[in-house]
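Okay, structure first, notes after.
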Amino acid sequence: MADDLLVIIPTRGRPNAIPEIMTAWDDTGATADVLFCVDKDDPQLAGYKQQAKALADDGRVRFVFWARKRLVGTLNQAAVKNAGDYRFLAFMGDDHRPRPAETPWDERIRICLSGGPGIVYGNDLLQGEAMATAVAMTSDIVTTLGYMAPSAMVHLCVDLCWVDWGRGMGRITYLDDMVIEHLHPAAGKASVDAVYEDCNSSERASADAAAYYDYRDNGGLEADLAKLRKLVEEAS
């Protein structure tokens, strides 16, 4: 694929989200490539394969069918595999939808990241500037760290890590007018399904929060920031 921006979308149990996402791509004039990462044990696997067949001629779109690694594991596998082929990498959930604007959201990302290593995120109409629930970064961040999100977390809190990285390396941009809406039950924009029940359970929330605080407070974040600051310095 010729584009320089890849959006990685891990997805489970929601094949009907695929045409909605691609409609959002079309409605916003986006040209970014998109990689849908599907679990081979997904109960809706047949539906995903139908979507992949329907989009087989769309040069922007790829599907991969992998053993389940949960969100962070899947994202990291996809990011590391593709970092050498794309200048910019982004993450969205299958419940994110970019919204139209005068300048397409993916072009805003390219403009913001064209000056060197950095991170950019927009307004999800739920967490706003507080959390990068959808995020884009230069691919050299992934190659420098060896991952796109700390692997100690499974699903939650990685959006806090991305903000920590960007602020800590002094290279982060929040675009309030770049809307990538998060259609989450917490915003009253989706019904709770089995995936939400699993990912947002009290057990998952407690485990991922503990992993995040350990990463933030016990040396993991500082070690990563040392690498990222060196990356910025070498790129200057």
Selected residue (only one of SER201, SER236 is without any contact (Cβ under 8 Å) to a residue 60 or more places away in the chain, surrounded by fewer than 16 Cβ atoms within 10 Å (Cβ to Cβ) and out of contact with any Leu (no Cβ under 7 Å at 6 or more places or on another chain)): SER201
Hits in the range 80-115 (condition: among the hydroxyl-bearing types (Ser, Thr, Tyr) and without any contact (Cβ under 8 Å) to a residue 60 or more places away in the chain): THR103, SER114
Some residue of the range 56-71 being crowded, with 21+ Cβ neighbours inside 10 Å, more than 17 Å from VAL135 (Cα to Cα) and in contact with a Phe, Trp or Tyr (Cβ under 6 Å, 6 or more places away or on another chain): no
Tally, over the range 1-30, of residues that are crowded, with 19+ Cβ neighbours inside 10 Å and of a type in the set (S, T, N, Q): 2
The lone exception for VAL154 - which of (1) closer than 28 Å to PRO15 by Cβ; (2) buried (at least 21 other Cβ atoms within 10 Å of the Cβ) it fails: (2)
Residue count for the range 197-236, restricted to those that are of a type in the set (Ser, Thr, Tyr) and under 20 Å from the mean Cα position of the chain (by Cα): 2
Subset tally (residues that are more than 18 Å from ARG167 (Cβ to Cβ) and either not in a loop (DSSP other than H, G, I, E, B) or not polar (S, T, N, Q) (or both)) for the range 110-123: 2
Only listed residue being buried (at least 22 other Cβ atoms within 10 Å of the Cβ), in a loop (DSSP other than H, G, I, E, B) and modelled with pLDDT of 95 or more, chosen from ALA136, ALA132: ALA132
Wholly enclosed helices (runs of 4 or more DSSP H) of the range 12-101 bearing at least 3 residues under 16 Å from the mean Cα position of the chain (by Cα), polar (S, T, N, Q) and under 25 Å from TYR196 (Cβ atoms): 70-82
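The values are calculated or read from the model by the stated rules, or taken from the named source; none is laboratory data. The structure displayed is predicted, hence computed values, not measured ones. Please note: Cβ atoms are built from the backbone with ideal geometry, for glycine as well, and neighbour counts cover all protein chains shown.
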